[in-house]
Amino acid sequence: MAKFNKKKSSELPAINTSALPDIVFMLLFFFMVATVMRENTLKIQNVLPYADQVEKLDKKDLVMYIYAGKPSERYRQSFGTEARIQLNDNFADVSEIQQFIYSERESKREELVPFLTTALKVDHETNMGLVSDIKMELRKAEALKINYTTRTGEASQNFD
Amino acid sequence: MARRSTPEVNAGSLADIAFLLLIFFLVTTTIETDSGISRKLPPMQDEEVVPPVIKEKNIFQVIVNRNNDLLVEDELMELSELREAAKAFLDNGGGVGPEACDYCEGAGDPTSSDNPVKAVIMLVNDRQTEYGTYIAVQNELVGAYNELRDRTAQRMFGKSFQQMEADFNDVRYTGNKDRLKEQIEQVRDMWPQKLSEADPKN
């Protein structure tokens with residue numbers, strides 16, 4: 001009878017890992033290119049509400065962000081616990097919104113201005129009074145396209 | 001001097017360094033784009049303009065009070081029932097003659113809306129209402145419109161309204177885009193989003 005069992009070497013050959021850095025670098029470049037660093041440092045609490053009838057907000061360069069919510073822990077001392085608006089990196093007053101919109105428009109190319117959208121990132125515990133004031137200012141500044149930024153999920157979770 | 005061959009650079013730790021960078025970028029990456037409910041604000045109006053008269057039965061009133069309670073047409077309602085109630089109102093089609101609605105499937109109640117083009121949803125909220133509640137209500141109302149649009153789109157063009165919009169925004173879509181746009185407009189005109197927001201009461 002023929003013998004099928006070949007002579008096996010007693011130890012496993014080492015796996016060639018010389019291509020590993022190449023693979024890792026490939027992944028690295030992908031993430032480097034895809035990364036978007038956070039533009040603004042949040043000074044407020046910003047737990048967004050849930051909604052499921054959402055539309056994607058792509059073209060990040062055509063979006064202006066307005067944040068609102070209670071000041072976060074370390075700003076409570078100086079700014080209190082009342083909900084505030086944050087534009088760029090600073091707390092702002094309602095009256096500063098129009099100025100903010102105009103300066104944002106100024107920084108964009110003229111043909112893109114009609115496509116600008118204002119994203120309202122508002123904490124879910126904020127009172128509607130503040131949001132209404134923001135919307136009123138946006139109407140005055142004729143920035144009518146808005147988007148209530150939300151997390152995706154069942155709307156009933158907002159009541160928990 | 002004896003010529004020695006240059007020793008090979010040890011590249012064994014290269015992978016470690018690359019991994020370190022990789023993990024850093026993995027952690028800091030936020031790939032997902034923001035998403036949310038898109039709305040259009042009404043432009044500022046002159047004081048002199050007289051608001052158009054709307055029949056009481058064509059108005060669907062949704063009130064959210066300061067305790068985040070929902071009052072629909074003067075009755076207390078749970079959020080989970082709001083979407084069906086809004087759909088029933090929009091889809092009612094109680095009009096007769098020129099105001100009849102031939103694509104409505106509702107009850108045809110003469111005390112409810114005439115047709116979807118006339119039907120207005122009025123949302124009133126208090127200044128103390130929580131934003132989360134407001135978004136939940138908005139979400140349900142937009143959801144009602146979306147479901148009705150879907151139904152019509154499915155019946156007329158054999159695909160959902162979302163699919164039509166996605167196709168329209170897709171650069172690789174091979175079909176006729178102009179026709180698609182017309183179809184989208186058609187569905188939109190059949191179910192216009194007439195969502196009016198009153199200034200909050202104190």
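The values are calculated or read from the model by the stated rules, or taken from the named source; none is laboratory data. Because the structure is a prediction, the values reported are computed rather than measured. Positions of Cβ are backbone-derived with ideal geometry, glycine not excepted, and every protein chain shown enters the neighbour counts.
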Quickly run through segment A:141-157 and pick out the residues that are more than 7 Å from chain B (Cβ to nearest Cβ) and either aromatic (Phe, Trp, Tyr) or within 17 Å of residue B:83 (Cβ to Cβ) (or both). A:153, A:154, A:157
Could you tell me which residue of segment A:80-111 is surrounded by the most Cβ atoms within 10 Å (Cβ to Cβ), considering only residues that are under 21 Å from residue B:42 (Cα atoms) and hydrophobic (A, V, I, L, M, F, W, C)? A:97
Condition met for residue B:82 (in contact (Cβ under 8 Å) with a residue 40 or more places away in the chain, within 14 Å of another protein chain (Cβ to nearest Cβ) and either surrounded by fewer than 19 Cβ atoms within 10 Å (Cβ to Cβ) or assigned to a loop (DSSP other than H, G, I, E, B) (or both)): no
If you check B:28, B:33, which single one turns out to be surrounded by fewer than 15 Cβ atoms within 10 Å (Cβ to Cβ), within 14 Å of another protein chain (Cβ to nearest Cβ) and in contact with an Asp or Glu (Cβ under 7 Å, 6 or more places away or on another chain)? B:33
Across (1) within 14 Å of another protein chain (Cβ to nearest Cβ); (2) surrounded by 17 or more Cβ atoms within 10 Å (Cβ to Cβ); (3) aliphatic (A, V, I, L, M), residue B:90 clears everything bar (1)
Subset of segment A:31-48 [facing chain B (nearest Cβ under 9 Å) and at pLDDT below 85]: A:31, A:32, A:34, A:35, A:36, A:37, A:38
Which condition breaks for residue B:175 when tested against (1) touching a strand residue (DSSP E or B) at 6+ places or on another chain (Cβ under 8 Å); (2) assigned to a loop (DSSP other than H, G, I, E, B)? (1)
Inside segment B:192-202, can you point out the residues that are in contact (Cβ under 8 Å) with a residue 60 or more places away in the chain, within 17 Å of the chain's Cα centre (by Cα) and within 14 Å of another protein chain (Cβ to nearest Cβ)? B:195, B:196, B:197
If you go through segment A:49-84, how many residues are facing another protein chain (nearest Cβ under 8 Å) and either outside any loop (DSSP other than H, G, I, E, B) or in contact (Cβ under 8 Å) with a residue 12 or more places away in the chain (or both)? 10
Part of a helix (DSSP H, G or I) and touching a residue at least 60 places away in the same chain (Cβ under 8 Å): is that true of residue A:112 in this structure? no
Name the single residue that is nearest to the other protein chains (Cβ to nearest Cβ) among those in segment B:127-183 being more than 19 Å from the chain's Cα centre (by Cα) and crowded, with 20+ Cβ neighbours inside 10 Å. B:129
Selection count, segment A:128-158, where residues are at pLDDT below 85, touching a Ser or Thr at 6+ places or on another chain (Cβ under 7 Å) and not small (Gly, Ala, Ser): 1
Going by the conditions given, is residue B:16 more than 7 Å from chain A (Cβ to nearest Cβ) and either within 22 Å of residue A:54 (Cβ to Cβ) or without any contact (Cβ under 8 Å) to a residue 24 or more places away in the chain (or both)? yes
